[in-house]
Amino acid sequence: MRLFTDKLANPGFMKAPPHVVEGARRSLAEAEAQRDTVRRLLDGG
């Protein structure tokens, strides 16, 4: 996840084509969802 957050925090990366930036945002959202699922499973739920 850090890779995606670091990219999105970089002003130079934000100048990339919109589809590239959107792809990074989508990848970050997917990684966060996977993290949340793993946490939920580890917590027994």
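We did not get these values from a lab; they are worked out from the coordinates using the rules stated. Keep in mind the model is a prediction, meaning the values are calculated, not measured. Positions of Cβ are backbone-derived with ideal geometry, glycine not excepted, and every protein chain shown enters the neighbour counts.
Go ahead and estimate [θ] at 222 nm for the chain from helices alone: -39,500 (n - 2.57) per DSSP H run with n ≥ 4, summed, over the residue count, rounded to 500. Don't skip to the answer; put the middle values down first.
Working: 2 runs with 33 residues, N = 45.
Only helices count here, giving -24500 deg cm²/dmol.
Take the alpha-carbon centre of the stretch 27-45, take the same for the stretch 10-26, and report the distance between them in whole Å.
24
Answer with a single label: of [x] 4.7; [y] 3.1; [z] 4.1, which was calculated as mean projected area of the Cα convex hull in nm² from the structure in view?
Working out mean projected area of the Cα convex hull in nm² from the coordinates points to [y].
To test your reading of the geometry: what angle, between 0 and 90 degrees and rounded to tens, separates the Cα axis of helix 18-42 from the longest principal axis of the chain?
10
Only Lys, Arg, Asp and Glu count, each charged at its Cβ (+1, +1, -1, -1), so figure out the dipole size of the chain about its Cα centre, rounded to 20 debye.
Computed charge dipole of the chain: roughly 100 debye.
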